[in-house]
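Below you'll find the structure, written out as structure tokens, and then a few comments.
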Amino acid sequence: MNGRLASMGRSALAVARRAAAFGRRRTVAFGELWQRSLQFRVTTSTLALSSAVVFVLGVVLQNQIVERLLDTKERAAIAQLHVAVRTAENELMGDAGQGDTLRNRLSNALKALTSSSVATQDVENSAAAGAFEPVLVAGDPSDTDRDLIYAGPIENVPGGVMSYAENNQVARQYHTQGSTYLVVGAPVTTATRPIQLYLLFPMTTEQNTVATVQNTLLVGSAFLLVLLAVITNMVTRQVVLPVRRAAAAAEGFADGDLDRRLDVTGEDDLAKLALSYNDMAASIQEQIRRLEEFGQLQRRFTSDVSHELRTPLTTVRMAADVLYASREQFPSGLARSSELLVDELDRLESLLRDLLEISRLDAGVEELAAESADIRPVVHRAVEQVKVIAGTTGSEIVLELPEEEVTAEFDTRRVERILRNLLANAVDHGEGHPVRLRLAADEHAVAISVRDYGVGLRQGEAELVFNRFWRADPSRNRRTGGTGLGLAISHEDARLHGGWLEAWGEPGHGSCFRLTLPRVAGDGLEHSPIPLPPDPPQTETARQEQQEESIGAHASTDVAAAQEDAR
């Protein structure tokens, strides 16, 4: 028995859980539809407000109708009571007698009261009050020592009405005894002993009338609400459909369909909106066409100039190399000039290479030579290329690489160039502090972050660092002598891999650049194995101090070793 009860309890719990899950799904679906559809929101809101208005109006109308019915019923019943009292007084005038004689006279009076001649003396009030059942009671109902002599259904007369009637007052009360009655009572004053007359008016007709009114209001309200919902939906649809068409046209325009336009019908506000949209689309299309032409001219100019400069630059390079090789034979001023000439030619050649690379990227002719390889050797090569610059500035490059291989499909040349640019930029802006390079990977992506603790980036500059020729501080004395195109080219290289190159920085806390590449070329990225922003500034500062202490410890060890060797 207990097992059966436990099984029933588990079944009931499972049913409750399914019902709760279904309710949650319906709630979520309703919320999504509410957020997504303006037509649904307007229709639902109008229906809800209309339901509240119809409900209040229905309650007020029902109360008014019921009050009018009861008021009319009561006034007609009181008028009918007065007529019946006069009839009873005529029938019971004089000595009413005792016992059976009194009971017989009360019965005869009841017959007189129910006769058609008495009931129709006041035709208007008789019709309004309806049929009634008379009750005659002789004696004092509060006197329990004597038996009451009565005629008629006295069990349907409530005690409250009797207490009023025996005190020579006209009383009325609604009473339910199987059926609902309006009971009115008054004393018969011409008799030689206390006699009360009660009329019982059934409320069946009024109840049927109220029920009919309620049903009519319910059906009418439901029909009205459905009609309002249909009308609201139709009216809203007339406004929403043009808006939806405009949204679809705007989406198509944003996706590159620049010839997409809206149909203009009529002269109303929606037609003016469509006309304004078409004018705006035409203007934007013309501006885009002009910008494309200008961009093409700019890219062609950059490419042509870069190519044309290569020949004279080669000649100048040859002459400069000859002068540089013979600088020991020149006076000191001329020798220094030859050295400066070679340095600036190196920068000019680097600038030309970057300009040619940018022009090829802009033209879309660059191809990705991706192959599966371990990315750690690429990191080491990039570090070796900037180690001289790092030594000049006093910045140590700290590597955090996993011990196992980190393989991915990538273009070795481009990734090495990205890391070289990021490391050179970190060293240049690191103000002599250590630069930390971290490599992490998961099953979908590989990420490399380059963190420095230098001047950092101000708010909004993290999105500007990848612009061409942009500098955080143009007046600052740069050590690396970059061309201003390195980060822009790195950003395009990351995009060719289908990856991300992002930046973060805070003034006084340094900056961090994060490169994220998919493990398989062409796969989409959803997350990065390395967080950005990096650790909180306090944690970063503590790590930086720890690294500096480590560097000092290594330096002390090296000095001690050198002294030992000297001994």
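Bear in mind that the values in this text are calculations on the coordinates, not laboratory data. Predicted, not measured: the structure shown is a model, and the values here were computed from it. Virtual Cβ from ideal backbone geometry, glycine too; neighbours counted across all protein chains shown.
Quick notes on this one:
- Derived scalar couplings ³J(HN,Hα) [region 500-513; Karplus, 6.51 cos²θ - 1.76 cosθ + 1.60; whole Hz; x for Gly, Pro]: 10, 10, 10, 10, 8, x, 9, x, x, 10, x, 9, 9, 10
- Prolate/oblate/rounded label for region 211-324 (Cα gyration tensor, a/c 1.5): prolate
- A simple rule links phi to the HN-Hα coupling: the Karplus curve 6.51 cos²θ - 1.76 cosθ + 1.60 with θ = phi - 60°, which for region 231-246 gives 5, 4, 4, 5, 5, 5, 4, 5, 8, 6, 4, x, 5, 5, 5, 5 Hz, with x for Gly and Pro.
- Virtual spin-label span in nm between ILE231 and ALA29, 7 Å along Cα→Cβ: 3.0
- Cβ-Cβ FRET estimate between ASP71 and VAL240, R0 fixed at 56 Å, reported to 0.05: 0.65
- FRET efficiency, 1/(1 + (r/R0)^6) with R0 25 Å, evaluated for SER372 and GLU400 via beta carbons: 0.60
- Region 353-463: antiparallel DSSP beta bridges as a percent of all, rounded to 5: 70
- Segment THR392-VAL170, length gained on full extension (0.36 nm per residue, minus Cα span): 68.2 nm
- Near the amide H of ASP411, within less than 5 Å, lie the amide hydrogens of GLU371, all on another chain or at least 5 residues away, with H placed in the peptide plane.
- In order along region 313-318, the Karplus-derived 3J(HN,Hα) couplings, from 6.51 cos²θ - 1.76 cosθ + 1.60 at θ = phi - 60°, round to 5, 5, 5, 5, 4, 4 Hz, and Gly and Pro are given as x.
- Theoretical gain in end-to-end length, GLN385 to ALA12 [0.36 nm per residue, Cα-Cα removed]: 127.1 nm
- Computed FRET value (nearest 0.05) for ARG290 with ASN467, which takes r as the C-beta separation and R₀ as 22 Å: 0.55
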